[in-house]
Amino acid sequence: MIEGQEGVTWQDWCALADACEEHGVETLFRSDHYISQADEAGRVAHDAWTTIAALAARTTRLRLGTLVSPVTFRAPALLANAAATVDHISGGRVELGIGAGWMEREHEAFGFAFPETSIRVEMLAEEAEIIHRLWTEEWVDFRGSHYVLDHAPGLPKPVQRPHPPLLVGGGGGRGTADPAARFADEYNTPFVSPEEFAGIRTKVVAACERVGRDAATMRFSLMTTCLIGETHDDALARARELYGSRGRDEGFDGWVSRLRSRAVIGSVDEVSQRLRDYESVGCERVMLQHLFHTDLESVRLLGSQLAPAVAT
């Protein structure tokens with residue numbers, strides 16, 4: 001999981017994708033933002049779906065997706081078409097994550113409307129339905145509070161059947177859990193401990209029950225920071241580098257302890273155990289946020305070292 005708005009160049013993207021394919025990392029997700037979270041000048045932020053389309057054309061095995069595309073600047077019909085188009089380019093290797101949007105400064109900078117939270121989650125519910133229907137129905141008529149489709153052709157149909165995985169991101173509230181239960185294949189939660197993950201999963205299972213869906217058909221995943229090393233000390237060195245990347249109000253020990261409670265930090269063996277902790281509470285996939293995007297050694301550890309360790 002790469003934060004694409006944090007100065008990731010096209011050359012960086014190519015190197016990351018090549019490293020993933022070389023070392024057996026199955027899926028490369030990226031955020032969908034246009035401005036650095038630190039709002040720092042000079043950090044390039046290439047468009048998410050243009051980047052994914054280009055990577056799809058130059059890779060052969062790697063699955064690609066967004067985590068997540070905000071409804072506030074990704075209109076549902078356009079996003080459904082973009083993802084389906086990339087599915088064709090990749091030969092069926094795309095995944096689509098959607099969310100309600102949250103970075104207000106980004107919207108202010110580029111003139112995107114940023115309605116209040118209740119409106120954004122309404123938009124998300126409509127977006128999930130529209131995308132699902134455009135991918136699966138021949139023609140779509142839809143009249144909601146925020147979007148209207150008039151006999152829209154559901155073309156191009158994706159390569160994957162019945163459609164590419166549709167992920168909804170959220171914290172377990174009904175505004176995201178209910179539309180996910182109706183239309184999504186996966187529910188993704190960011191930056192929580194195993195105990196918090198279990199509570200959120202319970203809420204989404206309840207949403208599935210409300211709409212008459214078998215919760216076993218929903219995949220549950222986590223996105224969180226990963227700092228991995230050959231040894232514990234190697235991982236701690238990466239943590240110190242991250243700590244020093246910006247000014248902080250607390251000391252390193254307190255900061256890393258707080259981060260560790262909701263992240264994955266340590267040697268290959270320690271990271272493997274931490275992932276099993278999440279697995280034990282019903283987490284089926286973890287998107288590991290790799291903040292040092294030029295560090296390809298960590299990609300090697302995640303693929304060729306970590307994956308076999310987790311599998312055993």
Practice item. Sort out for me the Cα centre separation of the stretch 137-203 from the stretch 1-65, rounded to whole Å. Key: 23
Review point. If you compute semi-axes √(5λ) of the Cα gyration tensor in Å for the structure shown, which of (i) 39, 22, 18; (ii) 31, 22, 20; (iii) 25, 22, 21 do you land on?
Key: (ii)
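Around residue 21, what is the net charge, scoring Lys/Arg as +1 and Asp/Glu as -1 over all other residues with Cβ under 13 Å from its Cβ?
Details: positive: 58, 61, 63, 93, 300; negative: 18, 22, 26.
It works out to a net charge of +2.
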**Study point:** Under the Karplus curve 6.51 cos²θ - 1.76 cosθ + 1.60, θ = phi - 60°, whole-Hz ³J(HN,Hα) for the stretch 154-162, x wherever Gly or Pro sits
**Key:** x, 9, x, 6, x, 6, 5, 10, x
Check your understanding: Under 5 Å between amide H atoms, partner at least 5 residues away or on a different chain: which partners does residue 287 have, H built in plane at 1.01 Å?
Key -> 222, 223, 224
**Study point:** the stretch 110-130 versus the stretch 285-300: alpha-carbon centroid distance in Å
**Key:** 30
Check your understanding: Roughly how much of residue 119 is accessible, in Å² to the nearest 10, using a 1.4 Å probe?
Key -> 50
Check your understanding: With +1 on each Lys and Arg Cβ and -1 on each Asp and Glu Cβ, how big is the dipole of the stretch 93-247 about its Cα centre, in debye rounded to the nearest 20?
Key -> 180
Point to revise | Under Karplus coefficients 6.51, -1.76 and 1.60, residue-wise ³J(HN,Hα) of the stretch 163-170 in Hz, glycine/proline x | key: 5, x, x, 10, 10, 10, x, x
Check your understanding: Using modelled backbone amide H atoms (1.01 Å from N, in-plane), which distant-in-sequence or interchain residues come within less than 5 Å of residue 97's amide H?
Key -> 66, 69, 167
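What does the accessible area per residue of the chain come to in Å², with a 1.4 Å probe and no ligands, DNA or RNA counted? Working shown, then result.
Values: 13650 Å² over 312 residues.
In whole numbers, the chain has 44 Å² accessible per residue.
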Check your understanding: Where a ≥ b ≥ c are the square roots of the eigenvalues of the C-alpha gyration tensor, would you call the stretch 26-79 rounded, which needs a/c under 1.5, or, failing that, prolate if a/b is larger than b/c, or oblate?
Key -> oblate
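In the chain, what percentage of the DSSP-assigned beta bridges are antiparallel, given to the nearest 5? Can you show the working numbers first?
Working: 4 of 35 bridges.
So the antiparallel bridges in the chain amount to around 10 percent.
Using a 1.4 Å probe over the heavy atoms of the protein chains, calculate the carbon and sulfur portion of the accessible area of the stretch 177-283 as a whole percent. Mind showing how you got there, number by number?
Working: 2360 of 5030 Å².
Using a 1.4 Å probe with all protein chains present, the stretch 177-283 comes out at 47 percent carbon and sulfur.
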Point to revise | Approximate spin-label separation residue 112-residue 174, in nm, with each point projected 7 Å along Cα-to-Cβ | key: 2.7
Practice item. Using only protein heavy atoms and a 1.4 Å probe, report how much of residue 255 is accessible, in Å² to the nearest 10. Key: 20
Practice item. Please work out whether the stretch 40-133 counts as rounded, prolate or oblate from its C-alpha gyration tensor, where a ≥ b ≥ c are the square roots of the eigenvalues and a/c under 1.5 means rounded, while otherwise a/b larger than b/c means prolate and anything else oblate? Key: oblate
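The values are calculated or read from the model by the stated rules, or taken from the named source; none is laboratory data. Everything numeric here is computed off the predicted structure, so don't read it as measured data. FYI the Cβ positions are ideal-geometry reconstructions off the backbone, even for glycines, and counts take in every protein chain you see. Heads up: the accessible areas ignore ligands, DNA and RNA and are worked out on the full protein's heavy atoms, side chains in. Shrake-Rupley method; radii C 1.70, N 1.55, O 1.52, S 1.80 Å.
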